[in-house]
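Asks: The structure that follows is given in the form of structure tokens.
The values are calculated or read from the model by the stated rules, or taken from the named source; none is laboratory data. No experiment lies behind these values; they were computed from the predicted model shown. Reconstructed Cβ throughout: ideal geometry from the backbone, glycine too, with neighbour counts over all protein chains shown.
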Amino acid sequence: MKNSIKQLLLLFAILLFGISSAQVEMNFKFDTPYGKNQTVGKYAEINETKIYYEAYGKGEPLLLIHGNGGNIESMGNQIDYFKTKYRVIIADNRGHGKSELKTDSLTYAQITKDWDGLVNYLKLDSINIIGWSDGGIVGLKMGISGKSKINKIVAMGANLRPDSTAVNSWAVKSVMKSKKMVQSKIQEQDTTQDWNLQNQLLGLLGDQPNIPTKDLSKIKAKVLIIAGDEDIIRNKHSLEIYNNIPKAQLCIMPGETHFTPASNPELFNTIVNKFLSEPFKRPSSDWTKW
């Protein structure tokens, strides 16, 4: 049982909280206390839930959406870099950080609705989005819903399905094993951790999302699909997403993982900044059309 619990905690550390593993070292040391910054932190009542958010910089609004089990601090490397170029807005997703959960069945649809609600609350006319992992999924879903006017979306390590056609099989098996462990702790009425919350977070990873590929054609924004060549997401799945979005670019970063926004922020931020700052292009190598 002790080994199983260690495996569970390691899963949450790596997949959810973005803590460094033996192979991937990440930076989460910042001069600004992101996620706990009392000088800028605020709450918004969105969909009957208190959502905590922080904003930095001036200019065109740029939403940063963190991954499963993460929080505002998880994307501190992106806040540091982009706050000098944009009005960066980042929130703790529902059930994460300082934001309330207020549900027994957390879904990407609900988190997407919360973000669209925050855009409306802040009266943002047009936005850009950088979403990491679950944040990338939410970014794509916001593009599909069309409720917010979006100029560009960067989706890092996003997937449309939770199965092994989209996610590497080792990750699928690990999540399934951890779900069983958490559910057993709930049945035992263990109170050492908030197992209900962790069960819902694992439910996001193991049972969701379920986005039909054809829905990607609804996205009007320009999109950068980005992933590491050793990502949790299969390379062919990132290619599938790219191929089905009308205005998209694809970047598979060599020698990189799912955690590049924190393990190699210089590379990630440079690629993303180029996409956001330059006019969108999707040229063709087909010389027969020139």
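Asks: Any idea which of (1) crowded, with 18+ Cβ neighbours inside 10 Å; (2) more than 30 Å from K85 (Cβ to Cβ) is the one A227 doesn't satisfy?
Replies: (2)
Asks: Can you name the residue in region 264-284 that is modelled with pLDDT of 95 or more and more than 20 Å from E60 (Cβ to Cβ) and is also surrounded by the fewest Cβ atoms within 10 Å (Cβ to Cβ) among such residues?
Replies: Result: E266.
Asks: Now for a different question. Counting just the residues of region 20-75 that are part of a loop (DSSP other than H, G, I, E, B), surrounded by fewer than 16 Cβ atoms within 10 Å (Cβ to Cβ) and among the aromatic types (F, W, Y), which one comes out nearest to the chain's Cα centre (by Cα)?
Replies: Filtering first and then ranking leaves F28.
Asks: Can you tell me how many residues within region 105-135 are under 10 Å from the mean Cα position of the chain (by Cα) and in a helix (DSSP H, G or I)?
Replies: Looking only at that region, the number is 2.
Asks: Right, another one. Would you confirm, using the coordinates I've provided, whether S217 is assigned to a helix (DSSP H, G or I), of a type outside the set (D, E, K, R), surrounded by fewer than 13 Cβ atoms within 10 Å (Cβ to Cβ) and over 14 Å from the mean Cα position of the chain (by Cα)?
Replies: Taking the combined requirement at face value, the residue satisfies it.
Asks: Looking only at region 68-114, count how many residues are closer than 18 Å to N199 by Cα and of a type in the set (K, R).
Replies: Here the count works out to 2.
Asks: Next up: Output the residue which, of all residues in region 90-107 that are crowded, with 22+ Cβ neighbours inside 10 Å and in contact with a Phe, Trp or Tyr (Cβ under 7 Å, 6 or more places away or on another chain), is farthest from S277 (Cα to Cα).
Replies: Step by step, filter region 90-107, then rank; the result is S99.
Asks: Which residue out of V172, V138, V182 is surrounded by 14 or more Cβ atoms within 10 Å (Cβ to Cβ), more than 19 Å from the chain's Cα centre (by Cα) and in a helix (DSSP H, G or I)?
Replies: Unique residue meeting the criteria: V182.
Asks: Quick one: in region 249-263, which of the residues that are outside any strand (DSSP E or B) and hydroxyl-bearing (S, T, Y) is surrounded by the fewest Cβ atoms within 10 Å (Cβ to Cβ)? Even if it seems obvious, please write down each step before you answer.
Replies: Step one: list which residues in region 249-263 are outside any strand (DSSP E or B), which gives 258-263.
Add one more test, that the residue is hydroxyl-bearing (S, T, Y), and what stays is 260, 263.
Details: T260: 27, S263: 21.
Looking at the filtered set, the residue picked out is S263.
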